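Take a look at the structure set out below.
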Amino acid sequence: MDRPADLTDPLVRRRAELVKWARDPVDVLPAWVAEHDFRPPEAVFAAVHRVADEGAFGYTRRAAALGPAYASWARRRHAWEVDPELVTWHVDVLQGVVAAVTALSEPGEGLVITPPIYFPFLDIAPTTGRRQLEWRLRRDDTGWHLDPDDLDAVLSREPDARVLLLSHPHNPTGRVLDPAALARIVEICARHDVHIVSDEIHGDLVRPDVEFRPLLTVPGAAERTVVVTSAAKTFSLSGLRCAVSVFADPDLRSRVLHAHPPLLLGHPGRVGIEATIAAWEHGADWTDGLVELIGRRFDRLAERLAAEAPAVRWHRPEATFLAWLDVSACGLGPRPGATLLERARVAVSEGVDFGEGGEGHIRVNVGTAEAVFEEICDRLLPHLGVAAGGGA
Ligand SMILES: Cc1ncc(COP(=O)(O)O)c(C=O)c1O
């Protein structure tokens, strides 16, 4: 069976100037950008080779096949019936997100985001002239949560809020909103006349014991929701630049598509299209294998943190290959990621870059070969004890 194999030869990855591997000096191990190090399914390689062998590099109409390919994947993976005619394509997920946000709000109107949050979302309001509003996660002993009552309060206070932008599942906490919360979010947004842009790029990598429901499967969501996703995170294809927006309402699709000059939004290239289609058509077993493998990494992380760094506070994520660690008791200063880069020679993501709630945190990517993962732990954990004299 096609199983994820390691792709961690640092020389090859540096030569390709992959940002994850090539940003830092050679002695640094990368555990930052949300990109895993596993070889995509063989069908993806076959698709890419086919394009190269044919030499058919011209303009293509093949993007139209993304709709049926995604609909088939959504049905098998998420029991979600997508109308292929209502799938549109673009170059990456962030492009689809920004296109939807700017189509569904005017300058000066409010965009709600959920900090701590995937940090590019923090740039969207400031760079598009929208007003940034925050529906913050709360943390208790069981983990990080989004409380729909807090959303209701934000929207009641801010009548010019027009769009709620979700990372579903949530990056960096790995939280998956449950069906009851999703239903309430849709009800609250309907009451306040707010659209929902749901970035579901991490939606395939969900723990088997957790139920993930795409937002567009929630009754009442169709008229106000855009789901933006791609094969990039699941299959580590981010450099191939191909993503989709999924609608369930033709009018909403048309509104988003026609809000921008037709030539502004790019078109994915054939290699990205063929690789994405191959992944969605043939990558189901491979994805199950990856989810299992990520589960093993988190088992091991839990074991090692408990034994070697009990001062670290964390909650095992329900999705993603990212661990969100509270290292505030470890005396690493206001930018623990920078301190760890210097002392442990491991590059992690800095919590404060994810906005409010990120203080004292780091995000660690566990999606790598076992030996690399163990080395990352070997290097990091000696620095994650309790600081002399108590907290940070
Ligand atoms: C939640 C989320 N959205 C979007 C992206 C980026 O996707 P793309 O490169 O397709 O814009 C990432 C990458 O880490 C992500 O975590």
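In percent, rounded to a whole number, the relative contact order of the stretch 44-282 is 28, using alpha-carbon pairs under 8 Å and six or more apart.
Other residues with beta-carbon under 13 Å from the beta-carbon of Ala371 carry, at +1 per Lys or Arg and -1 per Asp or Glu, a net charge of -4. Phi-derived couplings, Karplus 6.51 cos²θ - 1.76 cosθ + 1.60 at θ = phi - 60°, listed residue by residue for the stretch 319-331: 8, 6, 10, 10, 9, 9, 10, 8, 10, 5, 8, 9, x Hz, with x used for Gly and Pro. Each Cα pair under 8 Å and six or more residues apart adds its separation to the average, and for the stretch 34-152 the resulting relative contact order is 14 percent. For GluC sites (Glu not before Pro), the sites in the stretch 1-60 that DSSP calls loop and that have at most 10 other Cβ atoms within 10 Å are Glu17.
Across the stretch 145-295, the fraction of Cα-Cα pairs farther apart than 20 Å, rounded to a whole number, is 55%. If you take all other residues with their beta carbon under 10 Å from the beta carbon of Val176, and give Lys and Arg +1 and Asp and Glu -1, the sum is 0. Placing dummy labels 7 Å off each Cα toward the beta-carbon, the span from Ser72 to Asp251 is 3.3 nm. Using only the C-alpha atoms, the convex hull of the stretch 230-307 corresponds to 153 Å³ per residue.
Sorted into 10 angstrom bins from 0, the C-alpha pair distances of the stretch 310-392 split as 19, 55, 25, 2 percent. Restriction of the trypsin sites (Lys or Arg not before Pro) in the stretch 37-75 to DSSP coil positions whose beta-carbon has at most 16 other beta-carbons within 10 angstrom yields Arg61.
Cα centroids of the stretch 258-276 and the stretch 294-310: how far apart, whole angstrom? What the calculation gives is 41 Å, centre to centre.
Count Lys and Arg as plus one, Asp and Glu as minus one, and take only other residues whose Cβ is under 10 Å from that of Thr229; the net charge is then -2. Quick check: the distance between the Cα centres of the stretch 1-32 and the stretch 324-362, to the nearest angstrom? Using only Cα atoms to place each centre, the spacing works out to 22 Å. For the stretch 84-186, the equivalent ellipsoid built from the Cα gyration tensor has semi-axes of 22, 18, 14 Å, listed from largest to smallest. Hydrodynamic analysis of the chain uses the Kirkwood radius over alpha carbon pairs. Inserted into Stokes-Einstein at 20 °C and 1.002 mPa s, it gives a translational diffusion coefficient of 99 µm²/s.
For the pair Glu211 and Ser156, what calculated FRET efficiency results from E = 1/(1 + (r/R0)^6), where r is the Cβ-Cβ distance and R0 = 35 Å, to the nearest 0.05? About 0.75, to the nearest 0.05.
Since every read-out is calculated from the coordinates, none of them should be taken as a lab result. No experiment lies behind these values; they were computed from the predicted model shown. Please note: Cβ atoms are built from the backbone with ideal geometry, for glycine as well, and neighbour counts cover all protein chains shown.
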